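Every number here is computed from the coordinates shown, using simple stated rules; none is lab data. Everything quoted here is computed from the prediction, not taken from an experiment. Cβ atoms come from the backbone with ideal geometry, glycine included; neighbour counts cover every protein chain shown.
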Amino acid sequence: MERAKAGVTSSAVPDSHGINLYCADPSFGPLLKHHLGDRLFYHLEPHFVRLGELAGGELDDLAALADKHPPVLHPRSRRGEDTAIIERHPAYRRMEHVAFADYGLAAMSHREGVLDWPETLPPAAKYALSYLFVQAEFGLCCPLSMTDSLTRTLLRFGSPELVARYLPGLTAGDLDHITQGAMFITEQGAGSDVGSVATEARLDNGEWKLYGEKWFCSNADAGLAMVLARPQGAAAGTAGLALFLLPRELPDGRPNQYRILRLKDKLGSRSMPSGEIRLEGAIAYLVGDIDRGFAQMTDMINMSRLSNGMRAAGMMRRSLTEALFFARRRSAFGRRLVELPLMQRQLVKLMLPAEQARSMMLLAAQLLARADGGDEVARKLIRIVTPLIKFRACRDARRVTGDAMEVRGGCGYVEEWPDARLLRDSHLGSIWEGTGNIVALDVMRSIRREQTGTALASDLGKRIAALNLAPAGWRVLLESTLQRTFEFAGRAANASDGNGDPVLARQAASALYHLTSAVAMAEEAHALPGDSRRLLLAKLVLEHRVLPKDPLAAADTARETAVNAALLDETPLNAQALF
Ligand SMILES: Cc1cc2nc3c(=O)[nH]c(=O)nc-3n(C[C@H](O)[C@H](O)[C@H](O)COP(=O)(O)OP(=O)(O)OC[C@H]3O[C@@H](n4cnc5c(N)ncnc54)[C@H](O)[C@@H]3O)c2cc1C
């Protein structure tokens, strides 16, 4: 009765199933147009629309199904052969088809002609499409990223013979002929401390054979894996590690000598098999320089870290889209949730990290393209931006997915809705490819050893100087914040004996991330005529993430509510009016 009086026509819980996740995100298209350029954007736009539709409908259903039916390992055949077949659910197979074959997500950086584009596609295109895909399915993004980054590492460091033998499979457009990639580094005694890897490589009649156990092997039955192992007699630590390419099947068709012992029962990414592997004299091919195994592997790890940042950004956007959809349609106490000031604050707290991560993803794409084109400054910049996005965006995704779950109320906690899966999946990003601590320490190491802090400070300084759209006082504030942030990061990276103060690593990495994302968003605001909402978001990042704040001071809530309502509307905005 009460509800009817308040004008609510239906008490059913709003259900977003079937919405187009690209069209439901009105900022994305204009941003992509800016980052991709008109020609590529208009070429890809129908694909964005189509993938957005799939992600909100069919892929979402398939992802839910695959999550509930994880892969199963069949270690032996009925005749007792150690075949180690991993059975995946048909729903996962269908998603593989969409990702690998229909969209060529793993191949588009290496093969021309994917999605009818005459050249290889730039990182921004790959991340944009993958960002849409991951909004439905997270687990499969690991094999996609592994295949993509293994191909890159092979092309950079592998011999021409290895490239000729394996590139066609790695970049195939037909699912029956695709060779997928994996990366086996972690052992029970060597996780963060990669230098403790004990897997041994023995040279036997001119062939390298691997012996040891790998403890976490995602996409465990991949056709090819990059493996770190220590050649017999090599030095201890990372300096003694060499990089090997491990085929699942030998060129003569025989299975290689390793066994998948078990699959892990995981909190998230349940659709994809992560296993334990025993190498029993498996034949592997040396990749690149025997003394530079770890350095070469770092390239693959960094690509994977970037991909994790992108995935975190995508999952946050999905959570935000769901929360906005619900809050715009659900009513309580006679008003739509999105009109309630406290809910508005909660929603903007989801929006801000989601937008930061998206701008960082697009900035990283831009820098990666420049670095791969030979730009030395960009190489330093991508070196630091990679661990920054991996560290902070993955961390933020844990909170955003959880808080978005709360927006849906009780249903958010029920496995039929996407929130629980998003929450479970989002926790992985902060653990694999280096935990939060390890990645924050890597930021500090890059500042200390490779002067990436100097490069980033100078780059951001130039970008701020060009921000003539922003009010002058705010630009000055940005400049002084830049100075303070880099002073602090420099101190954290080089403290006391020149080795840095590890206790400050996360704090410094967070500050660098927030500042960089604020500058990137303000810069994007310039490029989007008629809509300076990203300038307002940049200002909020500074106010709430970087500048000092008194937790007991009451906010100017009237102003805050006006800003929040304007942002949540997701329509073009004159942000200067709200500064
Ligand atoms: C689902 C899943 C899939 C995975 N897939 C793969 C894969 O395909 N290939 C692969 O090689 N690995 C994979 N991993 C392994 C993953 O990369 C490692 O688990 C991760 O690097 C951490 O290593 P660890 O588990 O040995 O933890 P540890 O290294 O033992 O770390 C334990 C804790 O100690 C902290 N710590 C360690 N050193 C420091 C320090 N110096 N200062 C402060 N804190 C520190 C860490 O942050 C962490 O919190 C996967 C993991 C998971 C969960």
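For the chain, with equal point scatterers placed on the C-alpha atoms only and solvent neglected, what are the log10 I(q)/I(0) values from the Debye formula at q = 0.06, 0.08, 0.10, 0.11 1/Å, to two decimals?
For the requested q values the scattering log ratios are -0.31, -0.55, -0.85, -1.03.
In whole angstrom, note down how far apart the Cα centers of the stretch 347-388 and the stretch 410-456 are.
The stretch 347-388 and the stretch 410-456 have Cα centres spaced 14 Å from each other.
Pulled fully out, how much extra length does the chain show between Gln232 and Glu119, if you take 0.36 nm times their separation in residues and subtract their Cα-Cα distance?
Value of the extension gain: 36.4 nm.
Given the options Leu381, Val414, Ala397, identify the residue whose Cα lies farthest towards the positive end of the charge dipole of the stretch 380-427 (+1 on Cβ of Lys, Arg; -1 on Cβ of Asp, Glu).
The residue sitting farthest along the positive end of the dipole is Leu381.
Place +1 on the Cβ of every Lys and Arg and -1 on the Cβ of every Asp and Glu in the stretch 210-351, take the dipole about the Cα centre, and give the residue among Ala313, Leu337, Gly288 whose Cα lies farthest towards its positive end.
Positive-end residue among those listed: Leu337.
Taking the Cα centre as origin and putting +1 on Lys and Arg beta-carbons and -1 on Asp and Glu beta-carbons, what dipole magnitude results for the stretch 180-292, to the nearest 20 debye?
Value, rounded to 20: 320 debye.
With only Lys, Arg, Asp and Glu charged, each at its Cβ (+1 for the first two, -1 for the last two), find how big the charge dipole of the chain is about the Cα centre; round to the nearest 20 debye.
Dipole of the chain, to the nearest 20 debye: 1060 debye.
If I stretch the segment between Asp569 and Arg278 completely, what's the gain in nm (0.36 nm per residue apart, minus their alpha carbon distance), one decimal?
99.4 nm
Calculate log10 I(q)/I(0) of the stretch 343-400 for q = 0.21, 0.24, 0.30 Å⁻¹, where I(q) comes from the Debye formula with a single equal point scatterer on each Cα and nothing for solvent.
At q = 0.21, 0.24, 0.30 Å⁻¹ the computed log10 ratios are -0.75, -0.87, -1.11.
Net charge near Ala495: determine it from the other residues with C-beta under 15 Å of the C-beta of Ala495, scoring Lys and Arg +1 and Asp and Glu -1.
Neighbour charge sum, excluding Ala495 itself: +2.
Determine, for Asp501, Asp60, the number of other Cβ atoms within 10 Å of each Cβ, and report the residues in order from fewest to most.
Least to most surrounded, the residues fall as Asp501, Asp60.
Starting from the eigenvalues of the Cα gyration tensor, five times each then square-rooted, give me the equivalent ellipsoid semi-axes of the stretch 101-242, largest first, whole Å.
31, 18, 13
Checking the a/c ratio against 1.5 first, then a/b against b/c, what shape does the Cα gyration tensor give for the stretch 1-117?
Oblate shape, in that a/c is at least 1.5 and b/c is the bigger or equal ratio.
When the Cα centres of the stretch 219-277 and the stretch 514-541 are compared, how far apart do they sit, in Å?
One Cα centre to the other: 43 Å.
How big is the Cα convex hull of the stretch 479-536 in projection, averaged over all directions, in nm²?
Convex hull of Cα atoms, orientation-averaged projection: 4.3 nm².
Can you find, among Ile86, Pro572, Gln483, the residue farthest towards the positive end of the dipole of the chain? Put +1 on the C-beta of Lys and Arg, -1 on that of Asp and Glu.
Value computed over the given set: Gln483.
Find, to one decimal place in angstroms, the Kirkwood hydrodynamic radius of the stretch 65-163, where the mean of 1/r is taken over every pair of different Cα atoms and then inverted.
15.4
Helix 452-465 versus the longest principal axis of the chain: what is the Cα-based angle in degrees, 0 to 90, to the nearest 10?
30
Tell me the relative contact order for the stretch 436-578 as a rounded percent, counting alpha carbon contacts under 8 Å between residues six or more apart.
Once divided by the residue count of the stretch 436-578, the mean separation gives 23 percent.
About the Cα centre of the stretch 113-228, how large is the charge dipole given +1 on each Lys and Arg Cβ and -1 on each Asp and Glu Cβ? Please answer in debye to the nearest 20.
The calculation lands at about 220 debye.
Could you please rank His43, His177, His35, His544, placing first whichever residue has the fewest other Cβ atoms within 10 Å of its Cβ?
With the sparsest Cβ surroundings first, the list reads His177, His544, His43, His35.
Roughly what would the spin-label model give for Ala527 and Asp265, points 7 Å off Cα along C-beta, in nm?
4.7
Quick one: Cα convex hull volume of the stretch 401-552, Å³ per residue?
Convex hull volume per residue, Cα atoms: 165 Å³.
With label points built 7 Å along Cα→Cβ from the Cα atoms of Glu543 and Asp176, find their separation and express it in nm.
For the pair Glu543/Asp176, the computed spacing is 6.0 nm.
Answer rounded, prolate or oblate for the stretch 180-292, using the Cα gyration tensor with square roots of eigenvalues a ≥ b ≥ c: rounded when a/c is under 1.5, else prolate when a/b is larger than b/c, else oblate.
Oblate, since a/c reaches 1.5 and b/c is not below a/b.
Percent of alpha carbon pairs in the stretch 348-466 separated by more than 16 Å?
Across the stretch 348-466, Cα pairs with separations above 16 Å total 67 percent.
Taking 0.36 nm per residue of separation and subtracting the Cα-Cα distance, what length does fully extending Glu207 through Glu376 add?
Working it through step by step, the gained length comes to 57.1 nm.
Using the basic label-point model (7 angstrom from Cα toward the beta carbon), what is the Leu342 to Ala164 distance in nanometres?
In this crude label model, Leu342 to Ala164 measures out at 7.0 nm.
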